[in-house]
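The values are calculated or read from the model by the stated rules, or taken from the named source; none is laboratory data. For clarity, every value in this text was computed on a predicted model and none was experimentally measured. All Cβ positions, even for glycine, are placed from backbone atoms using ideal geometry, and neighbour counts span all protein chains on display.
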Amino acid sequence: MMMLIEMERLRGVNTGIKVIALSFIVSISSCLNDFDYSKVPVYSKTGNVNCVIEIPAGTNHKIEYNYDSNSFSCDQRDGKDRIIQFMPYPANYGFIPSTIMDKDRGGDGDAIDVFVVASAIETGTVVECKVVGVCKLLDAGEQDDKLIAIPVDESLQIVKGNSVAQMDSAVFEIIKTWLLNYSSDKMIFQGWGEAEEAKDIIEKWRRG
């Protein structure tokens with residue numbers, strides 16, 4: 001399987017890896033060995049938010065990034081691939097790199113989750129986005145917020161707006177309904193936050 005990674009030197013990080021700008025085609029297998037997603041910064045050179053796609057829109061396999069093996073694979077339950085027994089993901093799903101929701105501060109121990117509202121984007125792609133809001137959730141007593149973002153590249157945009165208030169409410173209702181029904185592990189919906197609150201969440205859980 002092939003993936004398009006856009007390349008650019010990471011600003012302010014001496015990693016030797018690049019992401020976002022000139023087109024470069026690589027296979028996922030080689031990418032996983034050569035490209036360290038843990039070193040991708042929160043913000044792009046232009047000050048937008050970098051989002052790493054794990055699960056393309058329209059997929060029902062629960063694909064996750066493994067920091068230890070630097071690879072993407074399907075989450076396992078009882079030795080089997082975890083497949084969502086509901087509607088597939090309504091938007092691209094992934095994480096904000098260089099963030100961690102610390103358990104000792106009430107987080108779930110993972111990077112911040114993000115829905116990127118766009119047509120299906122391939123697993124492993126780093127997309128420069130603007131955050132427009134946040135779905136505030138509790139999962140088993142742990143904060144498990146889901147940021148909502150849209151690509152900066154207008155050719156990838158399927159919706160327009162810079163905030164929850166500016167965008168079609170149906171977009172957020174679909175995401176909320178999906179999140180509250182896709183799993184047997186029921187979440188508690190705490191409300192929607194606007195773009196500024198989403199940005200504050202990024203800063204709260206930003207590493208370093």
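Is there a residue in segment 59-79 that is at pLDDT below 90 and either among the basic types (Lys, Arg) or not in a loop (DSSP other than H, G, I, E, B) (or both)? Yes: one or more hits. Test residue 44 against the stated conditions and say whether it is surrounded by fewer than 16 Cβ atoms within 10 Å (Cβ to Cβ), among the polar types (S, T, N, Q), closer than 28 Å to residue 178 by Cβ and modelled with pLDDT of 90 or more. Here the answer is no, as residue 44 does not meet what is asked.
Given the condition among the acidic types (Asp, Glu), under 18 Å from residue 90 (Cβ atoms) and either in contact (Cβ under 8 Å) with a residue 60 or more places away in the chain or surrounded by fewer than 18 Cβ atoms within 10 Å (Cβ to Cβ) (or both), answer yes or no: does some residue in segment 142-164 qualify? No: segment 142-164 contains no residue that is among the acidic types (Asp, Glu), under 18 Å from residue 90 (Cβ atoms) and either in contact (Cβ under 8 Å) with a residue 60 or more places away in the chain or surrounded by fewer than 18 Cβ atoms within 10 Å (Cβ to Cβ) (or both). Scanning segment 174-203 for residues that are among the charged types (D, E, K, R) and either free of Cβ contacts under 8 Å to residues at least 12 places away in the same chain or in a loop (DSSP other than H, G, I, E, B) (or both) gives 185, 186, 196, 200, 203. Across segment 80-129, what is the total count of residues that are at pLDDT below 95, surrounded by 15 or more Cβ atoms within 10 Å (Cβ to Cβ) and touching a helix residue (DSSP H, G or I) at 6+ places or on another chain (Cβ under 7 Å)? The total comes to 3.
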